[in-house]
Amino acid sequence: MNITSALIFGNNEYGQEIAKNITHKYSHITIFSLGEINKEEHSDFNLEKFDLSDDWDALRNEHDTKNSIVFSALSDESENIFLTLSLRSVFKDITIIALAKNNEDANKLKMAGASKVIPIVETTANIITDMLKKPIITEVLHSILYEDSKLKIIQIEVANEEIFTNQYPADIDWSDKYGVLVLSILHEDESSEFIYSSKTKHNYIKNGDILIVVGYEKDLDKFKKLIGGK
Amino acid sequence: MGFFTRKLVDFAYFLNSSVWYQRKRRFFYNILENDESTYKKYFDIFMMMLIISSVSILIYEVKRDVHDALNIFNSYIISFIFFIEYVLRVWIHSSISKVIIHQDEYSDLLGRDFNLLFVFKRVFHDKLEYMLSVKAIIDLLAIMPFFHELRLLRIFILFRVFKLFRYAKSFQTFSSVLASKKFEFFTLGMFAAIVIFVSSVLIYVMEANDPSSPIDTLYEAFYWSIVTISTVGYGDVVAVSPEGQLVAMIVIFAGIAVIAFTTSLFVSAFTEKLEDIKEAKTVQDISKLNMIYIICGYENIAKEVAKKLLKDGFSVLVLDNSSQRIEAAKEDNIHALNYDPGSIQSYAKLNLNFKIQVKAILCLRENDVANVYTALTVRSVDKDIKIMSLLINKRHKNKLISSGVNEILYDKEFVGLVAREYVGQPVAFEAIHAIRSEYTNIRMHELGITDRISKTVSTVSELNSTKYRILLLGIYKKDKQHFFFNPIGSTLIETGDYILVIGNHMFIKEFMKYLSSK
């Protein structure tokens, strides 16, 4: 499935910031406003209005909902939960990312069917405390994760397990051999292991495992090709 | 100016400019009077131990023989220590040299002769003022057991108990609370004194000539009156005549009023002062801490930040002008003061050295106006302190920058960035998120290279990180402000660098121990 468009519910500062940060990823971004749209309002994105009447035919007809990702970012928490619930009941397989004020609301949103919840208060507090506690790590991660640095962190699915035959992940010198660092491995059963955990000394890498790798773009591309990753 | 006077003035100037003398004077001031001094705490404990041992010996010797050594200790050694303390207190109470210098400058300015008599009067007045204070009198009486041969003076050992007031802070708080109701206590005292006086005279007049009455003298009448008004009523001295009983009834009613009034005075004094006492205690506790983060405003994000900082062993102080929010902070076991973060006075009252004790000020009100105002206030108090502020509405960003904020925290941008990473690499995002949130045992840590480490470890390969099953992500060179990812083994390690490692937190601890002990 190739997701090409993003539907952001909530014409507010959160919605605008999300739209701004995902433009590189999606060809169509639409921000939905609950109620009338102020005609004088300037926006870099396509603005549409919607209501919570549970009539999603217009959305289905005008947007490729099968290839869309949805963001529930309404300011009112109860409306956001209601929106997530009604979207999930109509679009069973769509990815819904919802914003919650705190962890308590995050649980409600998960129960309502959100695929991923971003708790605003906790996320902001985590970032602030990281900036205070570990300023250098925060700066480095920020440039790796969010800025146009040549250093990237990516996930690669292994499709060519043969190159790791008879080698345990913990014993491979990733840095020397491939110029990258492998942080962790996500197995098919969704269990995740840090690269130097005890299990990585006893389990071989299999096709379908996902490696979380840090490295320079050039090295990452080479490595990706080598392990036949997607 | 005569020869003696000239020498005296010269000596005063000499003492005033002598570093050695001033240092000694400051030292004794610190241990005797300065509550902020660490030495004072130990000195106070030492003195309290002396007092307790002295009183214990007094109690013990009532029915038993005490060893001579203990007697010598009690009568001479303790008394001598108290005497030295008394002399030191008289000395540091006022500076004689300053009075002489002041008088010399004054005479010079007005072209008058140096008035030695005025100096003596001034010094005598200052010292006497101290010696006549209640605390100094108690101190003097506590020395009296030195003359233990006079049996009566032994009882003065009990005055040593009163000296405890000087050393125990809670006693001082107690007396200061009661002092706040001085007028009310005085009024009550006058009322009680009048009732006691009138009733004593009345009962004496009515009962003294009655053969069946136990009240024969004015002293007995006075004793009866006090026992009755205090509502104790031993019953050993009672009024027998109907007139005397009538007086007794009036005194009993007056006694109930006196007791009720006294109780309510105590209660109201403590209720009114309770918040002040708690506040003073918080300020005192905070002044002893280091690496403090001052959080201005205690709302949702501030609560989470404070919780996380406390968990990591940092000190947190919350300032907020809303008493409701301060109560919430106190319930979360955080040092909190109901001070306005937008007032310079609030920071002056904190008694903190911002440069040494405070790591950063976090303006975390969910209100841009309040944050701008707080940031401006803090910046006017200290030009260099790090200020971080929450931004709620993007349009106000420039105002926050103008008010001196070093780092702006815009929650919408954070959410946008998190969303960006999630839609790009969801698995990688979860992996990094798990490490950063410290949900698992895997941690990301930045380790500063100290002089000690750089002397024994000069290159990356000497770090031996793989032996500790730790992933070396890279080196951050602070002087170049550049991060070197996955450095080769021969990369030099220098003092001031930071190495960024990922691994099990136990292994990271071991690794740090290994580096520090090399």
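The values are calculated or read from the model by the stated rules, or taken from the named source; none is laboratory data. Every value quoted in this text rests on a predicted model; they were computed, and no experiment measured them. Quick reminder, even Gly has a Cβ in these numbers, built from the backbone with ideal geometry, and neighbours come from all protein chains shown. The protein model used for the area step is the full one, side chains on, heavy atoms only, and it has no ligands, DNA or RNA in it. Shrake-Rupley method; radii C 1.70, N 1.55, O 1.52, S 1.80 Å.
Here are the numbers for the structure shown:
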read-out: Only one of A:128, A:172, A:144, A:137 that is touching a residue at least 60 places away in the same chain (Cβ under 8 Å) and hydrophobic (A, V, I, L, M, F, W, C); value: A:144
read-out: Residue that is farther than 19 Å from residue B:414 by Cα, among the hydrophobic types (A, V, I, L, M, F, W, C), part of a strand (DSSP E or B) and away from chain B (no Cβ under 13 Å), where the choices are A:82, A:32; value: A:32
read-out: Residues that are part of a loop (DSSP other than H, G, I, E, B), more than 10 Å from chain A (Cβ to nearest Cβ) and either closer than 14 Å to residue B:470 by Cβ or open to solvent by 60 Å² or more (accessible area, probe 1.4 Å) (or both), drawn from region B:480-518; value: B:480, B:490, B:494, B:495, B:518
read-out: Helices (runs of 4 or more DSSP H) lying entirely in region B:68-111 (those with 3 or more residues that are open to solvent by less than 60 Å² (accessible area, probe 1.4 Å), out of contact with any His (no Cβ under 6 Å at 6 or more places or on another chain) and within 19 Å of residue B:4 (Cβ to Cβ)); value: B:96-110
read-out: Some residue of region A:158-168 being open to solvent by 10 Å² or more (accessible area, probe 1.4 Å), of a type outside the set (A, V, I, L, M, F, W, C) and within 10 Å of chain B (Cβ to nearest Cβ); value: no
read-out: Subset of region A:103-118 that is crowded, with 18+ Cβ neighbours inside 10 Å and over 14 Å from the mean Cα position of the chain (by Cα) - its residue that is nearest to the other protein chains (Cβ to nearest Cβ); value: A:105
read-out: Yes/no for residue B:366 being more than 30 Å from residue B:516 (Cα to Cα) and touching a strand residue (DSSP E or B) at 6+ places or on another chain (Cβ under 7 Å); value: yes
read-out: Some residue of region A:115-138 being in contact with a His (Cβ under 9 Å, 6 or more places away or on another chain) and closer than 22 Å to residue B:470 by Cβ; value: yes
read-out: In region A:105-131, residue nearest to residue B:312 (Cα to Cα) [restricted to those that are modelled with pLDDT of 90 or more, in a helix (DSSP H, G or I) and touching a Lys or Arg at 6+ places or on another chain (Cβ under 8 Å)]; value: A:129
read-out: Hey, residue B:228 at pLDDT 90 or above, exposed (fewer than 14 other Cβ atoms within 10 Å of the Cβ) and polar (S, T, N, Q) or not; value: no
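To keep it simple, each residue is scored yes or no on (1) buried (at least 18 other Cβ atoms within 10 Å of the Cβ); (2) of a type in the set (S, T, N, Q); (3) more than 9 Å from chain A (Cβ to nearest Cβ).
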site: B:395; (1), (2), (3): no, no, yes
site: B:402; (1), (2), (3): no, yes, yes
site: B:405; (1), (2), (3): yes, no, yes
site: B:416; (1), (2), (3): yes, no, no
site: B:428; (1), (2), (3): yes, no, no
site: B:431; (1), (2), (3): yes, no, no
site: B:435; (1), (2), (3): yes, no, no
site: B:445; (1), (2), (3): yes, no, no
site: B:449; (1), (2), (3): yes, no, yes
